[in-house]
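Single-structure report; data block below.
Read-outs: derived from the displayed coordinates by stated rules, not from any lab. Everything quoted here is computed from the prediction, not taken from an experiment. FYI the Cβ positions are ideal-geometry reconstructions off the backbone, even for glycines, and counts take in every protein chain you see.
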Amino acid sequence: MRLPLAVGGLPAGLLAAAVTITASAQAPRSPLAQSLAQANLALQAGEADKALALLNSLPPSSAGLAEAHNLQCRVRFTLEQWDAAVAECDQAVRLDGQNSDYHLWLGRALGEKAARASFLSAFSLAKRTRAEFEESARLNPRNAEALADLGDFYRQAPGVVGGGIEKAQAIAAQLDKVDPARAHELRGRIAEQRKDYATAEQEFKQAVAAGAHPALQWTTLAGFYSRRKRFDEMESAVRSLIGATAHDKHAAVALYDGAGLLAESNRDPALAAKMLDDYLAGSAKTEEAPAFIAHIRLARLEDQLGDPAAADRERAAALALAHEYKPAQQTRPQEARN
């Protein structure tokens, strides 16, 4: 599941970091608050090992602190450890059931677990996912992330687990008042699902025009072109998002996503590698695009470009940031070494 943006278009991780930094400038913080803030900053930087070390070193009194469990959940989420993520997010919700974001993250973790579960388990997990997204949106009707995730769930899920296109359309109407770009994106995905590709393209273009950070919406449009196998237009959209990120550091995550589209489509691996390198070299990394995953993706591109030494360096960098991330533990493929 691609993580959505927060209210106002900022990536969720960047918004959390901004709130943390603003709060720190306004008032002195306790050592516990400082440790949590440092763990969040490590999470945004893709330093999973550092984030976990900070969280695991918290005093015993923090065991009942919902924020600590939520951060643990989000680190485990980036590591693709879905069972652990669900357990930590569930604990955060149990400790603070009135926090919209905690329900949102539990829904996300449950959704990822459901996507990999057996049919019977997936059925139960999907219903729990829906319930968490609904509760998140109920607690904060202006939580654009929660509305976007809920709308996408309704769009994709069958009626037997509470999905439905009509429900998704209703969420798009709510998003009109909170985040118009997201509303257009949701309507575009609904139209694409209905095979109304002309309307989908129009909605995605309107999202670009409405977006506070249009590089992110250029990524959505590029993804549409990729799915339609309109690869020249996809490349053009990717180049547009590159231009947009040059003036908007908050949209740097678009470089990560755009590089992924190029790589998946086997188009311009050199440009994809440069985009990932630029993302990693920048100061606006986020948990939405974990740095250690960016290093792994870059390693694969370096192999493809015929630079095995560079690929090995990228894998080592990933392992240094997140030694529990399974792809980082793998050596270079045999075919790439020959």
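Take every Cα-Cα pair in region 196-332 and report what % of them are more than 19 Å apart.
Working: 4711 of 9316 pairs.
Cα-Cα pairs in region 196-332 separated by more than 19 Å: 51 percent.
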query = At a Förster radius of 56 Å, what calculated FRET efficiency corresponds to the Cβ-Cβ distance of residue 194 and residue 283, to the nearest 0.05?
reply = 0.85
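Can you give the FRET efficiency to the nearest 0.05 for residue 233 and residue 176, using r as the Cβ-Cβ distance and R₀ = 22 Å? Working shown, then result.
On the way: r = 27 Å, r/R0 = 1.23.
Efficiency, from the Cβ-Cβ distance: 0.20.
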query = Can you give the Kirkwood hydrodynamic radius of region 255-338 from its Cα pairs, in Å with one decimal?
reply = 12.7
task = Would you mind getting the Kirkwood hydrodynamic radius of region 25-93 from its Cα pairs, rounded to one decimal in Å?
result = 12.1
query = If you take the alpha carbon radius of gyration of region 40-140 and divide it by 2.2 N^0.38 Å, what ratio comes out, to two decimals?
reply = 1.07
key: CD proxy at 222 nm, helix term only [per DSSP H run n ≥ 4: -39500 (n - 2.57); per residue of the chain; nearest 500]   = -23000 deg cm²/dmol
remark   = Relative contact order in percent for the chain (Cα pairs under 8 Å, 6+ apart) equals 14
message = Give me log10 I(q)/I(0) at q = 0.10 Å⁻¹ for the chain, Debye formula, one equal scatterer per alpha-carbon, no solvent.
response = -0.60
key: Neighbourhood net charge (15 Å Cβ-Cβ; Lys/Arg +1, Asp/Glu -1) for residue 187   = -1
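Arrange the following residues from fewest to most other Cβ atoms within 10 Å of their Cβ: 125, 319, 71.
Numbers: 125 22, 319 19, 71 25.
Sorted ascending by nearby Cβ count, the order is 319, 125, 71.
Quote to one decimal, in nm, the extra length available between residue 131 and residue 249 on full extension: 0.36 nm per residue of separation minus the C-alpha distance between them. Walk me through the numbers before you get to the answer.
Working: separation 118, 0.36 × 118 = 42.48 nm, distance 3.44 nm.
Difference between extended and current length: 39.0 nm.
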ask   = Counting only Cα, what are the radius of gyration and maximum Cα-Cα distance Dmax of region 127-206, in Å?
value = 12.0, 36
query = Arranged by the count of other C-beta atoms within 10 angstrom, fewest first, what order do 313, 300 take?
reply = 313, 300
ask   = Listing 82, 105 from the residue with the fewest other Cβ atoms within 10 Å to the one with the most, what is the order?
value = 82, 105
request  = Please report how far the C-alpha centroid of region 238-275 lies from that of region 144-171, rounded to the nearest whole angstrom.
outcome  = 29
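Ratio of region 146-252's C-alpha Rg to 2.2 N^0.38 Å, to two decimals? Kindly include the intermediate steps, with their values, before the conclusion.
Numbers: Rg = 14.0 Å, N = 107, 2.2 N^0.38 = 13.0 Å.
Dividing the Cα radius of gyration by 2.2 N^0.38 Å gives 1.08.
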